[in-house]
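**Student:** The structure follows.
The values are calculated or read from the model by the stated rules, or taken from the named source; none is laboratory data. What you see is a predicted model; the values in this text were computed from it and never measured. For neighbour counting, all protein chains shown are included, and Cβ atoms are generated from backbone atoms with ideal geometry for every residue, glycine included.
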Amino acid sequence: MRAKVYFAKPYCSWQRGLNENTNGLLRQFFPKGCSLLKVTQAQVDEAVYLLNHRPRKCLGYRTPHEVFYNLPVRPLTLHSVALCT
């Protein structure tokens, strides 16, 4: 099978949308200038968990975790009574 391969040009961030978006999300946990030598495995694991359980518009507001494991969509249930009269 022949697969098409695309190489983005250097310094053309608009050609790597998913990569740039993911970098921005990671910056929430590890700001620019932060030494990665001081980051623990537990901190990396927490960031990965939170990113994989974050709903994404492109996935129909499902999480990457739900899509990857093909988990069924469950309706939202609220455990409190609405305050409408």
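**Student:** Name the residues in the stretch 44-84 that are under 25 Å from residue 30 (Cβ atoms) and of a type in the set (Gly, Ala, Ser), would you?
**Tutor:** Matches in the stretch 44-84: 47 only.
**Student:** Give me the residue from the stretch 36-85 that is of a type in the set (Gly, Ala, Ser) and within 28 Å of residue 17 (Cβ to Cβ) and, out of that set, modelled with the lowest pLDDT. Don't jump to the end; show me each part of the working.
**Tutor:** Here is the first cut: in the stretch 36-85, the residues of a type in the set (Gly, Ala, Ser) are 42, 47, 60, 80, 82.
Going one step further and asking which of them are within 28 Å of residue 17 (Cβ to Cβ), we end up with 47, 60.
Working: 47: 95, 60: 91.
Among residues in the stretch 36-85 that are of a type in the set (Gly, Ala, Ser) and within 28 Å of residue 17 (Cβ to Cβ), the one modelled with the lowest pLDDT is 60.
**Student:** Of everything in the stretch 1-24, what is touching a helix residue (DSSP H, G or I) at 6+ places or on another chain (Cβ under 6 Å) and closer than 22 Å to residue 54 by Cα? Give them in sequence order.
**Tutor:** Residue satisfying the conditions is 20 alone.
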